[in-house]
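What follows is a set of notes on a single structure, which appears directly below.
Values quoted throughout were computed directly from the atomic coordinates according to the rules given, and no laboratory measurement underlies them. Nothing here was measured: the structure is a model prediction, and the numbers come from that model. Cβ: placed from backbone, ideal geometry, glycine included. Neighbour counts: every protein chain shown.
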Amino acid sequence: MTSVPQVRSQAGPPVLDVTDLSVHFSAGGRLLGRGRDVVRAVDGVSLRIGQGEVLGLVGESGSGKSTVGRAVAGLLRPTSGSISLGGREITRLSRSQMRPLRRDVHIVFQDPYSSLNPRMSIGAIVAEPLRQHGVARGRERDRQVDSMLAKVGLRAQLRDRYPHELSGGQRQRVGLARALVLRPRLFVADEPVSALDVSVQAAILNLLTDLQEEMGFSCLFIGHDLSVVEFISDRIAVMYLGKIVEATTRLRLFEQPQHPYTQALFSAAPLPDPPLQRGRVRIVLSGDLPSPLDPPSGCSFHTRCPVAVERCRSDEPALTEVTGPGHAVACHLVDEHGPPDVAAAVAAGTAGTKEDRVHDQA
Ligand code: SF4
């Protein structure tokens with residue numbers, strides 16, 4: 001399995017190194033190793049994040065991106081594969097072995113309200129990680145809480161308020177303050193702005209960018225909105241049905257999306273330029289995301305891919321750097337000359353969907 005290539009050079013090992021990660025559940029939702037009725041939420045994902053780097057993980061709901069984030073944050077035990085944090089393998093550590101390492105990785109969730117204890121004041125919520133890890137006491141703890149609240153743009157007077165007294169944007173700022181007060185090496189942001197109004201989204205994204213530059217943490221940023229993920233990421237990995245199907249730098253992905261699924265995601269994202277927007281062909285994918293309980297054979301995207309060929313049904317494409325270093329794609333039709341032009345095929349009417357096209361090839 002190809003690791004998502006590093007972009008920023010660095011002297012030491014990557015902050016996060018995930019190799020061949022799989023997380024499977026029973027159909028009833030419990031984690032399990034093997035057996036029947038297995039939901040393959042994540043299946044063979046490899047990625048790396050360097051010091052101070054932001055990796056965006058993008059995909060539809062059900063693609064497995066949040067499961068990757070939870071496994072990396074130690075909230076789920078992987079079925080197989082390994083996760084290394086700062087060069088230390090953490091996958092098989094016990095709870096007590098994992099406890100001191102928890103200050104190195106923190107996660108923020110989509111819904112800031114449900115992730116904050118309604119019975120705790122804002123000051124107590126932000127102070128909790130300091131207390132748990134015995135980092136500071138008394139006035140020094142108060143000072144660090146006030147300093148962190150200021151960093152996320154909240155007045156110190158809010159420390160005595162409760163989550164229900166704050167707006168959605170303020171609550172997400174509290175979530176950021178709690179996650180960053182211990183200055184973790186890795187910050188996992190799981191759809192942190194999806195539940196917020198657009199104007200508040202922009203403010204939180206700007207804040208996160210400023211904090212990342214100031215504090216230098218590495219970040220796994222998970223989202224379904226390409227424009228949001230693009231704003232903050234150095235590199236982006238695209239997930240489909242539990243696997244990474246494309247990964248490269250932010251710039252390269254936006255200039256040269258290769259995988260047909262990535263091309264479809266881009267075609268659905270609005271362009272700021274109206275004439276360009278009018279001239280663009282929208283690649284509409286047929287059907288819903290298949291069930292991870294019974295993923296399609298071969299390329300898991302073949303049931304929705306507008307340019308699928310017969311081989312796609314039986315052969316699973318490997319994630320490889322076909323078009324050049326630093327750009328990994330999993331598609332049989334991407335070669336050294338580039339990707340299939342899915343929009344052109346759709347516009348020309350030569351892209352039947354799934355069975356039509358596959359039968360034409362047969
Ligand atoms: Fe998958 Fe085939 Fe479509 Fe490539 S062309 S994305 S291998 S179905």
Calculate the spin-label point distance for Tyr113 paired with Gln97, positioning each point 7 Å from the Cα along the beta-carbon direction, and give it in nanometres.
4.1
Pseudo-spin-label distance Ala318 to Leu251, built 7 Å along Cα→Cβ, given in nm, is 3.0
Beta bridge orientation in the chain: antiparallel %, DSSP, nearest 5:
60
Taking all pairs of distinct Cα atoms, average 1/r, flip it, and tell me the Kirkwood hydrodynamic radius of the chain in Å to one decimal place.
21.6
Dividing the helical contributions, -39500 (n - 2.57) per DSSP H run of n ≥ 4, by the residues of the chain yields a 222 nm value, nearest 500 deg cm²/dmol, of -9000 deg cm²/dmol
Inter-probe distance in nm under a simple model that places probes 7 Å from Cα toward Cβ, at Thr209 and Asp225:
1.4
Largest-first principal axis extents, alpha carbons of the range 231-362, Å:
39, 31, 31
In nm², what is the average projected area of the convex hull enclosing the Cα atoms of the range 118-241?
8.4
Subtract the Cα-Cα distance of Asp273 and Val198 from 0.36 nm times their separation in residues, and report this length gain in nm to one decimal.
25.1 nm
Cα gyration tensor, the range 273-343 - rounded (a/c under 1.5), prolate or oblate
oblate
